[in-house]
Ligand SMILES: N[C@@H](CCC(=O)N[C@@H](CS)C(=O)NCC(=O)O)C(=O)O
C-alpha cells in the first residue's frame, strides 16, 4: 500500500471528479495521468488493456487497476477507512447509496459523450439539459428528505461526491438550478470545502486556460 496511486483523469469528467474528491477527502496523494477524451486517448491500445471499458476514471493502486468510480470509491473506503465517506447507520448508508446510484446510473450515463453524440451537435446541450432536469426533478425530492447541511445529514458522505460534479454539469448545460433548492443549497455548502473545489474541473492542470472561468 506504499506507492503513490495513479489516477487516470480528464478535467471535464464528473465521474473522475468523484474520485478526485474522495482522494482529497481521505488525504491520499496521487499522481494524475491525463487522458484526453477529446483526442480519443481512452481508446489507445495501452489504456484499453488496463480498462477495456474505455472510460475515466481509473485508479492504479496497490498493484491493481480499478475502473468505475463507485468501485474505486468503495475500494478506498474499505482499504483506507480514515475520514469515512459512509455513515455508520445502515439506513443512512442506504440513503447515501440511493443518491449515488440515482446520479451514477440514472442521470450521468444518459448524457455522457457517446449518448450525446447520437444527437446533432446543436441539439446536444439541450438533450443534456433535459436529461439532467428530469433526473434532478426526482433527486430534489429525495435530497429534500435526507439532507442536513450536506446530502445526507450533517456530515460529508459519498453522496456528496456524486452531487457536486453533477451540479457543475447541470450549470454547464444551463439547467435552471433555482428549481432545485435543496440540491443547490447542498452544492453551495460543498463549494466552501477545499477538498471539493480542488477537485473541480476548472482547477485541473489539463483544463485549457480559456475554459478556466468558473460558472
Ligand atoms: N460508470 C462510469 C462512467 C464513466 C464515464 O462515463 N466516463 C466518461 C467521461 S465522464 C468517459 O470516459 N467516456 C469516454 C468514452 O465513453 O469513450 C464511472 O462511474 O466511472
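Each reported figure results from applying straightforward, stated rules to the coordinates on display, with no laboratory input. Keep in mind it's a predicted model, so treat the numbers as computed, not measured.
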Return the single residue from 60, 138, 155 with maximal mean-square fluctuation; model: Gaussian network over the chain, springs between Cα atoms under 10 Å.
-> 138
Choice from 111, 204, 27 showing the highest fluctuation, given a GNM over the chain with Cα pairs closer than 10 Å | 27
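Figure the gain on full extension for residue 50 and residue 122 (residue separation times 0.36 nm, minus the Cα-Cα span) and round it to one decimal in nm.
22.5 nm
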Determine how many Å³ per residue the convex hull of the Cα atoms of the stretch 167-207 encloses.
-> 57 Å³
In whole Å, what is the distance between the alpha-carbon centres of the stretch 108-131 and the stretch 24-69?
-> 23 Å
So between residue 36 and residue 63, what do we pick up on full extension, going 0.36 nm a residue minus the alpha carbon distance?
-> 7.3 nm
Which value at 222 nm does the chain reach when only helices count, each DSSP H run of 4 or more adding -39,500 (n - 2.57), with the total divided by all residues and rounded to the nearest 500 deg cm²/dmol?
-> -14500 deg cm²/dmol
Identify which of 57, 15, 205 has the largest mean-square fluctuation in a Gaussian network model of the chain, with springs joining Cα atoms closer than 10 Å.
-> 205
